1. When the residues of the range 35-81 are filtered to those that are within 16 Å of the ligand (Cβ to nearest atom) and at pLDDT 80 or above, which remaining residue is farthest from residue 393 (Cα to Cα)?
2. Has the range 294-311 got at least one residue that is assigned to a loop (DSSP other than H, G, I, E, B) and away from the ligand (no atom under 12 Å from the Cβ)?
3. Quick one: which residue in 272, 290 is within 16 Å of the ligand (Cβ to nearest atom) and either within 22 Å of the chain's Cα centre (by Cα) or free of Cβ contacts under 8 Å to residues at least 40 places away in the same chain (or both)?
4. Determine, yes or no, whether residue 224 is surrounded by fewer than 17 Cβ atoms within 10 Å (Cβ to Cβ), without any contact (Cβ under 8 Å) to a residue 24 or more places away in the chain and in a helix (DSSP H, G or I).
5. Has the range 193-202 got at least one residue that is in contact (Cβ under 8 Å) with a residue 12 or more places away in the chain and in a loop (DSSP other than H, G, I, E, B)?
6. Could you list, in sequence order, the residues of the range 89-117 that are in a loop (DSSP other than H, G, I, E, B) and over 20 Å from the mean Cα position of the chain (by Cα)?
7. Any residue that is closer than 27 Å to residue 442 by Cα, at pLDDT 95 or above, more than 26 Å from the chain's Cα centre (by Cα) and more than 16 Å from the ligand (Cβ to nearest atom) - is there at least one of those in the range 228-251?
Ligand code: GDG
């Protein structure tokens, strides 16, 4: 990392979402810092590169989508102690086609292996190109020689190459947060689109995915779509090479480990425990999404209740679904399906004194989330497809007591690391039902052994190490680069 500090000028982040939410206040604007994994990771990287929020060192520039209603806001007010935001204002119609259309209504379902949910619209692709171009304009207004630009996620696949064309000498990193599917899925995209998207990503010097499988799928598509050669984990272009690798994202372990023990969290936990009464608790939390496998999860729980009448009255499934993308028809449908299934199960098994599922459709505060992570006996995480899944990692990191059992889908990227979870296939409702029984009856010694193993892993492979590893790959890429030149 020392090399980075000496080699690069500043770190520029480009992601669809800005690191804080901008709210209109009576006098000017109010900036509410977001606390996602990416924000924590970027802060740590900045520290490693010799930047920090202090007045003597530069802040991190972050280019992201800005609501057009904020166009009139004074640019100098869009910064806090850590970040300077550069909003990309997109007309509603462009943002709709780019974000709601191409990104969420095509790439998201396709790359999560739901091709029948994917909508292929020429106008969406045009808006996607236009929006990526608008990000480029904002970026080129900010960029200085020697900056390191790190671009994130599936909304900005075209941007790395656009930037390479505009500023060929720039150091560009690109990280993909969702699964990268097999070529058979990529092949569903019109030829010109898939060429543009794969070629777009290859504008970067380093391309990162959560798992080795996703990286391999990408390499296969590079070969099939663009017929480019590769050597080991490098795609060879005429004038340079691109390093492709697996960089599984971690979490800020201490934030969850220590956060779960604060007085505020303990108070909420006590309140929830008294509300839930003397039952064991299963917990899940996800954004509303068909890829999260929520209906199969409910069916697995129903099967458990059917097969284990002695557990009736003694178990509560606290299931929180966080509102997301509810303008898209499939999301409205999945919400209706979830709510019907919850209603049916509660109607079938519930009594005056016992509700089998406590369901809510809302966002939890961070202390509420920690209270539920730390009070539950079982976390039931069953996506049908998930790039990584941070919820399962956060649950384990929160369990300072080394108690509780994680049930995890083999289709989450995280399953490759969380090997001491009870790994299930989410569509196999019998396997889910049996895992619930096994988890609820697991002796404390085994819970502790499994938890300790996973906690050690998360502590070592935290989000700071993730960013360190990604940035270190630039050093390797630079070495490869010079090797190519001398070959
Ligand atoms: C994408 C990929 C990949 C959730 N509900 C609440 C809440 N959360 C927080 C969690 C966690 C985050 O949101 C969700 O992260 P996931 O990884 O589980 O899922 P996606 O949002 O789909 O993220 C995914 C990720 O990118 C990172 O690369 O792992 O595969 O799909 O941090 O804690 N936070 C609060 N209240 C909630 O109700 N406060």
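1. 64
2. The first filter runs over the range 294-311 and keeps only residues assigned to a loop (DSSP other than H, G, I, E, B), leaving 308.
Next, from what is left, pick out any that are away from the ligand (no atom under 12 Å from the Cβ): 308.
Within the range 294-311, one or more residues are assigned to a loop (DSSP other than H, G, I, E, B) and away from the ligand (no atom under 12 Å from the Cβ).
3. Testing whether each residue is within 16 Å of the ligand (Cβ to nearest atom) and either within 22 Å of the chain's Cα centre (by Cα) or free of Cβ contacts under 8 Å to residues at least 40 places away in the same chain (or both) leaves just 290.
4. No.
5. Among the residues of the range 193-202, at least one is in contact (Cβ under 8 Å) with a residue 12 or more places away in the chain and in a loop (DSSP other than H, G, I, E, B), which makes the answer yes.
6. 90, 91 - these are the residues of the range 89-117 that are in a loop (DSSP other than H, G, I, E, B) and over 20 Å from the mean Cα position of the chain (by Cα).
7. No: zero hits.
Matching residues to (1) outside any strand (DSSP E or B); (2) in contact with a strand residue (DSSP E or B) (Cβ under 9 Å, 6 or more places away or on another chain); (3) over 18 Å from residue 112 (Cα atoms); (4) at pLDDT 95 or above:
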{"residue": "348", "(1), (2), (3), (4)": "yes, no, yes, yes"}
{"residue": "380", "(1), (2), (3), (4)": "no, yes, yes, yes"}
{"residue": "392", "(1), (2), (3), (4)": "yes, yes, yes, yes"}
{"residue": "396", "(1), (2), (3), (4)": "yes, yes, yes, yes"}
{"residue": "402", "(1), (2), (3), (4)": "yes, no, yes, yes"}
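The values are calculated or read from the model by the stated rules, or taken from the named source; none is laboratory data. Keep in mind that what you see is a predicted model, and the values were worked out from it rather than measured. No Cβ is skipped: glycine too gets one built from the backbone with ideal geometry, and neighbour counts run over all protein chains shown.
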